[in-house]
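Worksheet: the structure to be examined is printed underneath.
Each reported figure results from applying straightforward, stated rules to the coordinates on display, with no laboratory input. Fair warning: this is a prediction, and the values are worked out from it, not measured in the lab. With ideal geometry, Cβ positions are generated from the backbone for all residues, glycine too; neighbour counts draw on all protein chains shown.
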Amino acid sequence: MKRVCVLGNSHLAAVKLGWDQRAAAHPDLHCDFFGAPKNGLAEVVFEDGFIIPQTEEVRGAFAMTSSGQEKVRLDAYDSFVTVGLGFSMQAIVSQIYRRFRSDVHENLSGDFTLVSEAVFRASCGKALERCTAMWLAQQLMASGKRVLIVPQPLPSERTLTLEDAFPNAALWRQAAQYGDDAALLGSLVTATQDLASNGLHFAMQPDETRAGPLFTRDIYSRGSVALLRPLGGAHGEQDVGHMNGVYGAVVITQLAKMLGCEG
Amino acid sequence: MNSPYEGLPESRYWRSGVSQKHPFDIQALYRKKFEITATDRIATAGSCFAQHISRHLRARGFSVIDAEPAPAGLDSAQAQAHGYGLYSARYGNIYTTRQLIQLAREALGQFTPANAVWEKEGRFFDALRPSVEPKGLRGAAHVALQRKQHVAKVLEVMQTANIFIFTLGLTETWLDRASGTCYPTAPGTIAGSYDPATTVFHNLTFGEVMEDFLAFRDLMRGINPGVRFLLTVSPVPLTATAAEDHVLVATTYSKSVLRAVAGELHQHYDDVDYFPSYEIIAAPPSRAFFYEPNLRSVNNGGVSHVMRSFFAEHGSAGASPGRTAKAAPDGGEGDDVVCEEALLEAFAR
């Protein structure tokens, strides 16, 4: 039996629902979930073998998502998984592509600074390196634990047709229309490969769930639910960023394979 | 009988001011002409030695303009290799006054460089700052676009700086025969290829350097009347000369011209100060111990000594009350400067 602690923000909801669907298929795997919305997991400390929330909000969120536990005991688990927490294509698009383009990009419209591809890719790596998922992963690695990072899912392909789906949605559409999507995915993959050289493991978004390089197939985002409210409150039609339990089930299958628990 | 040399301070006599002093103890080499305060917006440019000045000013909390910052988080080695953070804009090393005036005119829309894109192995380089993209860009159009963005930022620097610090580096330069466009390196050094039919070597004279700088001063004051200038002369000798002289003779010519121009500007204009980094490093009292074994590169001890002299005059003005100045980078290899002129070493037999 492998005991796995899955930590994440709102994107944890889909993985939890996926686990509910797939748990029976993986009897050699046990998962506990600890979530806090947005960047709540940045507000924890590692102390005396525990991950301890520093705010009431995060403590409450931990208790709600884990069925009562307010802190994480590190030695209770063989592996840790982070979900979302800023490790995302969204970070690349909103922090780098919005302000910088490289000479491999075709979208040269708008207000941006042209940089070399080497600088662009290095900047993407740095943007990802600064995210909460990486911080958490590094703390966990220092504890000698195996860590897998599940990136935030790509937004739904509904982004292409839904006006004002989220801030910068127009930029995502432009990236796809100009054909910069493959280069952006390449930047994410390269940055991830560089970070993986430090001993981290990445569960990149499975191909079957993707609609091209930049989006998730719409069937995986229909009916997504919130992490709290409690778990199960439906996101609206406008929400193109969160995925559903079907998506979560694909991720669970992927994780089980990476952890050697294929059932 | 009275002599005008009677009663002068000891710094005015070679024996008491220099030969009886340890180089570190030589006093009063520099007296500032004007204050540089924490609120002044400082622009830096010049030959590679100027990178030290820029970096140390930032470390001391002075407000050095960075109009073209690297994307956030890019590590400093990679940023520097791409020309970020070296100067106030990403112009790379400006070795000559001809480059300087040309860039200013371009920023003001008065000049368009000729043959401004060089090619090497299918990659394209900005001929006027070929080192800022070490691997070049994918197309000539990308170089042109990047240059357009850069030149707009140069104008911003010219419009907003209170203090413009410029290190005069070289007199030797390469010109496009037809247009007079000045390049920082000879074609074929980093990219492009040298064709004597289109490119010509030129060694600037005292008059030309003076004229170039005064024209630059006029242009900058025209859009920014309050700006003041601080000049230094790089103590770094030439890596190679294209003149018909021995490189030592060529270096002496080059530095002498630059030092003389700086001296005359300092004498005649209240808005031009001169800081003697050249003398501190290169003059006989230092016995060349501020140079690396190649007798060319300035070592970290030399840079630190130069900057101590500078901050002895300006340091207290630059430090903000209650603000902790970031320590200067340590003396390891990270203190290196980006100097494409040094590439000429690769061509030495």
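Here are a few things to note about the model shown:
- Amide H to amide H, with H built 1.01 Å from N, B:Ala114 comes under 5 Å of B:Thr181, counting only residues 5 or more places away or on other chains.
- Length released on extending from A:Phe166 to A:Glu106, taking residue separation times 0.36 nm less the Cα-Cα span: 19.3 nm
- Residue of B:Ser131, B:Ser277, B:Ser11 that the Gaussian network model of chain B assigns the largest fluctuation, springs spanning Cα pairs under 10 Å: B:Ser11
- Folded to 0 to 90 degrees: helix A:117-129 orientation relative to chain A principal axis, Cα: 20
- Ordering A:Pro151, A:Val72, A:Phe87 by Cα displacement along the dipole of the range A:35-182 toward the positive end leaves A:Val72 in first place; charges were set at the Cβ atoms of Lys, Arg (+1) and Asp, Glu (-1).
- Highest-MSF residue in chain A out of A:Ser224, A:Ser102, A:Ser116 [GNM, Cα springs under 10 Å]: A:Ser116
- In units of the compact-protein estimate 2.2 N^0.38 Å, chain B shows a Cα radius of gyration of 0.99.
- Phi angles across the range B:241-248 convert, under the Karplus curve 6.51 cos²θ - 1.76 cosθ + 1.60 with θ = phi - 60°, into 3J(HN,Hα) values of 10, 9, 6, 7, 9, 4, 4, 5 Hz, Gly and Pro given as x.
- Applying a DSSP loop filter and a limit of 14 other Cβ atoms within 10 Å to the trypsin sites (Lys or Arg not before Pro) in the range B:1-97 leaves B:Arg31, B:Lys32.
- Straight Cα distances below 24 angstrom link B:Lys33 to the lysines B:Lys255, with same-chain residues fewer than 8 positions distant left out.
- Per-residue ellipticity at 222 nm from helix content only, as computed over chain B with -39500 (n - 2.57) for each DSSP H run of at least four residues, stands at -10500 deg cm²/dmol.
- Nonlocal amide H pairs with A:His201, under 5 Å, H built at 1.01 Å: A:Val147, A:Ile149
- Value of D in µm² per second that Stokes-Einstein yields for the range A:64-191, Kirkwood Rh from Cα pairs, at 37 °C (0.692 mPa s): 201
- Estimated distance in nm for a label pair at A:Met204 and A:Glu70, the labels positioned 7 Å out from Cα along Cα-to-Cβ: 4.2
- On the principal axes of its alpha-carbon atoms, the range B:89-190 has extents of 42, 28, 24 Å, going from largest to smallest.
- Eligible lysines near A:Lys16 by straight Cα distance, threshold 22 Å, same-chain separation 8 or greater: A:Lys2, A:Lys38, A:Lys71, A:Lys145, A:Lys257
- Going by neighbour counts of Cβ atoms within 10 Å, the residues A:Trp135, B:Trp118 line up, fewest first, as A:Trp135, B:Trp118.
- Shielding by partners - mean other protein chain Cβ count within 10 Å, residues of A:118-124: 5
- With a 10 Å cut-off around each Cβ of B:81-88, the average count of Cβ atoms from other chains is 1.
- Springs join every pair of Cα atoms under 10 Å in this Gaussian network model of chain A, and among A:Ile149, A:Ile51, A:Ile92 the largest mean-square fluctuation is at A:Ile51.
- Cα-Cα P(r), the range A:172-263, percent of pairs per 5 Å interval: 3, 12, 16, 18, 20, 17, 10, 3, 0
- 3J(HN,Hα) along the range B:225-232: x, x, 5, 10, 10, 10, 9, 9 Hz, from the Karplus curve 6.51 cos²θ - 1.76 cosθ + 1.60 with θ = phi - 60°, whole Hz, x for Gly and Pro.
- Of all DSSP beta bridges in the range A:1-127, antiparallel share, percent nearest 5: 30
- The amide H of A:Phe50, built 1.01 Å from its N in the peptide plane, has A:Leu74 as neighbours under 5 Å, considering only residues 5 or more places off or on other chains.
- Helix B:206-223 and the long axis of chain B differ in direction by around 80°, with both axes built from C-alpha atoms.
- Tensor-based shape of the range B:136-240 (alpha-carbon gyration tensor, a/c under 1.5 rounded, otherwise prolate or oblate): oblate
- Exposure proxy ranking for B:Thr171, B:Thr160, based on other Cβ atoms within 10 angstrom of each Cβ and starting from the fewest, stands as B:Thr160, B:Thr171.
- Percentage relative contact order, the range A:70-128, counting C-alpha pairs under 8 Å, at least six apart: 34
- Prolate/oblate/rounded call for the range A:110-179, Cα gyration tensor, a/c under 1.5 rounded: oblate
- Filtered chymotrypsin sites (Phe, Trp or Tyr not before Pro), the range B:13-46: DSSP coil and at most 13 other beta carbons within 10 Å: B:Tyr13
- Taking every alpha-carbon pair under 8 Å whose residues sit at least 6 apart, chain B reaches a relative contact order of 22 percent.
- Convex hull volume per residue for chain A, taking Cα atoms only, in Å³: 119
- When each of A:Thr65, B:Thr97, B:Thr205, A:Thr209 is scored by the number of other beta-carbon atoms lying within 10 Å, the sequence from fewest to most is B:Thr205, A:Thr209, A:Thr65, B:Thr97.
- For the range B:100-160, the spread of Cα positions along each principal axis, largest first, Å: 38, 20, 17
- Under the combined filter of DSSP loop state and at most 13 neighbouring Cβ atoms within 10 Å, the range B:225-314 retains these GluC sites (Glu not before Pro): B:Glu244.
- For the range A:1-80, the alpha-carbon coordinates run over 36, 25, 18 Å along the three principal axes, in decreasing order.
- Across the range B:1-69, Cα-Cα pairs farther apart than 16 Å form 66% of the total.
- Projection of the Cα convex hull of the range B:159-305, averaged over all directions and equal to a quarter of that hull's surface, yields 10.6 nm².
- Kirkwood-Stokes translational diffusion coefficient of the protein assembly as shown, alpha-carbon pairs, 10 °C, 1.306 mPa s, µm²/s: 57
- Of all lysines in the structure, those lying under 28 Å Cα to Cα from B:Lys135, and not within fewer than 8 positions of it along the same chain, are A:Lys126, B:Lys120, B:Lys148, B:Lys153.
- Local net charge near A:Ala183, Cβ-Cβ under 13 Å (Lys/Arg +1, Asp/Glu -1): -2
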